[in-house]
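Everything below concerns the one structure shown next.
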Amino acid sequence: MSLWMKKAMRGAMMLPLAGMAGLAAHAQDASAVSAYVDSSYLFLIGGLIVMFMAAGFLCLESGLVRSKNASMQSLKNVALFSVAGLMFWLIGYNIAYPASTALGGIIGIPGAIPWSGEESLDTGYAASSDWFFQMVFVATAASIVSGTVAERVKLWSFLIFVVFLTAFIYPTVVSWEWGGGYLDSEWGFSDFAGSTLVHSTGGWAALVGAIIIGPRAGKYFGEKVNPMPGSNIPLAALGTFILWFGWFGFNGASQLAAGTFDDINAVAKIFANTNMAAVGGVLAAMILTAVLYKGKVDPTMAFNGAIGGLVSITAEPLAPTMGGAVAIGAVGGVLVVLTVPLLDKLKIDDVVGAIPAHLVCGIWGTLIVAASYGNAFMPPAADAVGAIGVSYVGQLVGIVLTGVVVSALSAIVWMVLKVTLGVRVSEEDEQLGLDRADTGVEAYPEFAS
Amino acid sequence: MSLWMKKAMRGAMMLPLAGMAGLAAHAQDASAVSAYVDSSYLFLIGGLIVMFMAAGFLCLESGLVRSKNASMQSLKNVALFSVAGLMFWLIGYNIAYPASTALGGIIGIPGAIPWSGEESLDTGYAASSDWFFQMVFVATAASIVSGTVAERVKLWSFLIFVVFLTAFIYPTVVSWEWGGGYLDSEWGFSDFAGSTLVHSTGGWAALVGAIIIGPRAGKYFGEKVNPMPGSNIPLAALGTFILWFGWFGFNGASQLAAGTFDDINAVAKIFANTNMAAVGGVLAAMILTAVLYKGKVDPTMAFNGAIGGLVSITAEPLAPTMGGAVAIGAVGGVLVVLTVPLLDKLKIDDVVGAIPAHLVCGIWGTLIVAASYGNAFMPPAADAVGAIGVSYVGQLVGIVLTGVVVSALSAIVWMVLKVTLGVRVSEEDEQLGLDRADTGVEAYPEFAS
Amino acid sequence: MSLWMKKAMRGAMMLPLAGMAGLAAHAQDASAVSAYVDSSYLFLIGGLIVMFMAAGFLCLESGLVRSKNASMQSLKNVALFSVAGLMFWLIGYNIAYPASTALGGIIGIPGAIPWSGEESLDTGYAASSDWFFQMVFVATAASIVSGTVAERVKLWSFLIFVVFLTAFIYPTVVSWEWGGGYLDSEWGFSDFAGSTLVHSTGGWAALVGAIIIGPRAGKYFGEKVNPMPGSNIPLAALGTFILWFGWFGFNGASQLAAGTFDDINAVAKIFANTNMAAVGGVLAAMILTAVLYKGKVDPTMAFNGAIGGLVSITAEPLAPTMGGAVAIGAVGGVLVVLTVPLLDKLKIDDVVGAIPAHLVCGIWGTLIVAASYGNAFMPPAADAVGAIGVSYVGQLVGIVLTGVVVSALSAIVWMVLKVTLGVRVSEEDEQLGLDRADTGVEAYPEFAS
């Protein structure tokens, strides 16, 4: 079920029942207020935990770039979170949850711009709490891009890309599903907390960016891949744990309610499954790297294994058993380990490994949702009350549509930037490092050789 | 409305209504307990989130000092949080929320020392939860000082200053407003979560300290300013995000209640506005530095822009629209960028930029509160029920009184320390670095040149 | 009272009272659901906060090892958290909370394997929320070991040890007390949040490991101790604050309920006391090191003082006054400062100081619980309703039994590993550093000399 449907249902349950009076009406109100408070509180706490993922991406990405670009990478992460917040307020939210739609739900028509919260008991939660919770998700998508295109992208061009990603591209994708649009109504597409909507969207934008911007100077010589090791592995490890921490908010609060027996059980199960998927991702990545690389275990593979496992469970963290969650996450970890060298073969330079973890595992996690439901291999069909069931076909349509549209729109934005402002720094600046060239502030002025 | 008034009102609403009996009384009790639990829970969760700001200051300050002093700066941050907790328990809390007052509310007369929590349903919240929430605010004020006077202040002299700041100076200022004293009752001064009470108080104490202690050796040569870049920018960036994260607790939980339709809407709006002010601060600081410094964007300006924006919205995070919050934060970001070089002109050596972010933006944020209310340019006057309205005059009185009293008391403490223990380390030790001189433990023994 | 008893009591209170019907039954249900939601929510939020301690241990340990092993130490911390989660799901939880017991409660007989949550209103909380909350505690125990045996233990041997620790050793100890077994039923042993069960268990396993694995090459020359300073003190400081933050969840949520007047007051008091114990630990450690070491204050002693204070209050964070909490924590800080050189005298190489902070302070904190109760020096006796009172004798029995059994089982596992896979890396690899030898990824490839 989509976010939009859940919200609509909760809203409906909160409408005062006409014809009831006196005590009953008051009890109804008290119960509605209580549920309203609980849901809003969940959005705020959940959103706060997800907001902290911005710090996780900061640590992960600053730790995995070379020291001459770490100051710039820190700046970009703070800046992108700011741009995402601004644009999702000005434009994005109204497109993601549109006033109306065109082209059968493909295009969301925004209502009043900029978004303004109007609080009503009927909605079931404080409007600002919902905005806050949604905003931190769009920031996550933007963070994914920043890691892939690090060490050579121009600061302002990158931020302008983030403007388009967070104002138009991501919100359009979200409108198809959580906004109740095309994928939700026509295909029964199911993506609980955003394996596709958030992580693959960020991943496609990153992939197209990496291709258009090109690899870092000196990364590929013919068939040879020149390793450019990250400058601060403990910082990257801290970032991994911060992301892991934040994911409990990401998945847990996406249940959208925690005030009933069923809801709190669901949130609890989501916590357990989210953790187990990360566990599976870490251990599978560690074992596989040990096997592939003569016993050596690359920590960055373990970190990306955790993230890959978390992305994999995000599309459906509730339905699987805990063993299923381990397995889903483990496949994610394997995909990370196998995809990282594959990208290098294709000479696609993904500095932090965001494409394997977010895009590839996002696809995997979204597909496997169908296995949790009956009739999985059947084409999508409406059930007795008109809801479309989850199927591999429906999931695949969502994955492909997202991939095609996000890639196309991202390519347009990146290409326009390329021929106007330019998307990458000069060779001299890249050689010197973005810190000295563009910020004037070195990340570690006393350490770096 | 002051914290004190809010508390009194909530307490009053919780008093069992005389004359009601049986079921009604039980319902009353159940409702009072429920509100008591909710408020206490909010204080604990909010306080916990604010407590984590101590880690944010640690990262920011340790990242912005040179590596030879980073171990000492880490130690100071852990130590000051400890001293603040101890003194606010022994003395501070009882002065901030005094048993009685003298001199028309200027001087708070503490009750029992040390503070002991006595739990009563009538207060509306668990006494210890309130103490915890208040304690993490005083620690914030102390952290501000530590950043400004870094790299040359003596450890124990600094900690003794923190003793006085957290036991007497900060609590006195707080008593005027949140304690229901002079500024609240006479001037209608309004400072929701502490732009003046917390941030300017820390800022004034830091400013006076910086002047009395003097700049770091070699910082100023005639008109020339010798840059002393921070040693670990990614760590400072992480500190910025941790502070940003903590600010949701700082401002959000300062609503003091979240259990009703109006309260949760307020908390949600505060979350959204708090974020937007930081966004405004970051982007304004980035754009202005790019303009002023030939396209180069100093990350530390962006970080302090975030903090400046957050400080600016702290005095009134609820009343502004989201656009207003962006604007208030953006002005904060501009003030940071303009004030940092101004301090250098005045040869006031503020190592981490705490005075621009906390003092200057604290003044700005407190003043602009008046714009959110009617009659803003009128002198303060009592309304029909005797409450004093918010006005520029009243806000200015609070700003000036805080500045004069905190500066004077801080100057006395710093001067007494200067002529007794001394406030700064020897030239040799400063040259060598505080880490080797005073801790015997280098921050990065294997890296630093 | 043990966790088990608290749970049983809460479960009992939630059973629908037979013979009540209609409205009363519905009210009963509503109240039971509300308590169920509150408790589950507390477990999830508390567990999440404790989960973040994994990041704290990561920072502390990665910061306190030499840079040539920091990448490996980061990897170990991510890996151990994964192994702990996997094993506590597969085996550990069912032993800790056994279906039945043998040998008078010494051996827990697990029920269905692997653990699967079955949600029932009668239990009083969501099964998965309890599992999650318990799981993050076992991970803490494993983190303690990882710090002590750092810089020379083999990765896979360490992880296999963690398998046994988290699947069998820790769960057996927990079953004696929180599982309602031998120590709880026979001795009135009381350990609120795990000074012994979690911290000493980890500490004993670490101590035995350090002895069997032996000290780092070059650490001890005859009577001479070769200092091997940590490579990143600010990171260790951040780890300390993260642990401090996490401890509010560790102790606070161990109240297990927060929905009543008494419970929320207890949680609030636990927050205040937990903070004050850390305060006492920091300040005592700082003052004592200044006295012992000619005015120099070792930051790592202050950090371990905080942790020592926190461990000391963990066995009973509710009963002491705030002054008592300061004193209990201060003794912990003193014990840390005195025990660190003692271990070096014994040539037991504890890289991060985990044995003083977790084992020694765990013993101290557990013993002093008896002082908070009457008849403390009497042998344990049953009260009117058959509960065994808390006594020094009972506490000592718990401490000794835990020490003997954990040490013996740990010794067996470490010895078997030693004679099979081997427990330490080759001399060459140790010299080279584990990062280059075993991970192929240096922690700071551009910085280290």
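The values are calculated or read from the model by the stated rules, or taken from the named source; none is laboratory data. Keep in mind the model is a prediction, meaning the values are calculated, not measured. Cβ sites come from the backbone with ideal geometry, for glycine too, and all protein chains shown count toward neighbours. Note: areas computed on protein heavy atoms with side chains; ligands, DNA, RNA excluded. Shrake-Rupley method; radii C 1.70, N 1.55, O 1.52, S 1.80 Å.
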Check: C-alpha center the range B:322-338 vs C-alpha center the range A:230-289, spacing in Å is 35 Å
Based on the Cβ-Cβ distance of C:Thr321 and B:Leu396, what FRET efficiency does E = 1/(1 + (r/R0)^6) give at R0 = 35 Å, to the nearest 0.05?
0.20
As an exercise, use a Förster radius of 35 Å and the Cβ-Cβ distance of B:Glu186 and A:Ile109 to find the FRET efficiency, rounded to the nearest 0.05.
0.05
Would you kindly find the accessible area of B:Trp364, with a 1.4 Å probe and non-protein molecules such as ligands, DNA and RNA excluded, rounding to the nearest 10 Å²?
60 Å²
Restricting to lysines and to Cα separations under 18 Å from C:Lys68, and discarding same-chain partners fewer than 8 apart, the set is A:Lys296, C:Lys76, C:Lys154, C:Lys219
Mind listing the label-point distances from B:Gly104 to the same position on all other copies, shortest first, one decimal in nm, points 7 Å along Cα→Cβ?
7.6, 7.6
Taking placed amide H atoms and a strict 5 Å upper bound, the residues 5 or more places from B:Thr101 or on another chain that come that close are B:Ile109
Quick one: grab the alpha carbon gyration tensor of the protein assembly as shown, order the square roots of its eigenvalues as a ≥ b ≥ c, and give me rounded if a/c is under 1.5, else prolate or oblate depending on whether a/b is larger than b/c.
rounded
Sequence-distant aspartates and glutamates (8 or more away, or on other chains) whose Cα lies within less than 13 Å of C:Lys269:
B:Glu118, B:Glu119, B:Asp130, C:Glu316
Determine, from the Cβ-Cβ distance of C:Leu346 and C:Ser426 and an R0 of 25 Å, the FRET efficiency 1/(1 + (r/R0)^6), rounded to the nearest 0.05.
0.45
Around B:Lys219, what is the net charge, scoring Lys/Arg as +1 and Asp/Glu as -1 over all other residues with Cβ under 9 Å from its Cβ?
0
Indicate the helices, whole DSSP H runs only, in chain C that combine a mean Kyte-Doolittle hydropathy of -1.0 or more with a Cα extent along their long axis of 27 angstrom or more.
C:22-51, C:127-148, C:233-252, C:261-292, C:322-345, C:392-419
Need one value for A:86-95: mean number of C-beta atoms belonging to other chains within 10 Å of its residues' C-beta atoms.
2
Cβ-vector label at 7 Å, A:Lys296, separations to other copies in nm:
3.7, 3.8
What order do you get for B:217-228, B:287-298 when each peptide is scored by the mean count of other beta carbon atoms within 10 Å, highest first?
B:287-298, B:217-228
Which value, in Å² and to the nearest 10, is the accessible area of B:Thr321 when all protein chains are kept and the probe is 1.4 Å?
90 Å²
Quick one: net charge of A:Ala236's neighbours, Cβ under 12 Å, K/R +1, D/E -1?
-2
If I take the rotation axis that carries chain B onto chain C, which residue of chain B has the nearest beta-carbon, and at how many angstrom?
B:Phe447, 2
In peptide B:42-55, how many Cβ atoms from other protein chains are near each Cβ within 10 Å, on average?
5
Mind ranking B:270-280, A:253-263 by how tightly packed they are, going by the mean number of other C-beta atoms within 10 angstrom, highest first?
B:270-280, A:253-263
Test of understanding: extend the Cα→C-beta vector of C:Ala30 to 7 Å, then name every residue of the range A:259-273 with backbone N under 15 Å from that spot.
A:260-261
If each label sits 7 angstrom from Cα along the C-beta direction, how far apart, in nm, is B:Ser31 from its counterparts in the other copies?
1.8, 1.8
Rounded to one decimal in nm, the spacing of the 7 Å Cα→Cβ label points at B:Asn226 and A:Glu223 is 5.6 nm
HN-Hα J in Hz across the range A:425-439 - Karplus 6.51, -1.76, 1.60, θ = phi - 60°, x for Gly and Pro
6, 5, 4, 5, 5, 5, 5, 5, x, 5, 4, 6, 6, 10, 10
For the pair B and C, total buried accessible area rounded to nearest 100 Å², probe 1.4 Å:
4400 Å²
How big is the accessible area of B:Arg424 in square angstrom, nearest 10, if you roll a 1.4 angstrom probe over the protein chains?
70 Å²
Running a GNM on chain A with Cα contacts under 10 Å, which residue among A:Asn265, A:Asn77, A:Asn304 ends up with the highest mean-square fluctuation?
A:Asn265
In the range A:286-419 the accessible area split gives carbon plus sulfur, as whole percent at 1.4 Å, a share of 75 percent
Per residue, how many Å² of accessible area does the protein assembly as shown show with a 1.4 Å probe?
31 Å²
Can you put B:Ile328, C:Ile106 in order of accessible area, largest first, using a 1.4 Å probe?
C:Ile106, B:Ile328
What does the average come to when, for each residue of peptide C:293-302, you count the partner chain Cβ atoms lying within 10 Å of its Cβ?
6
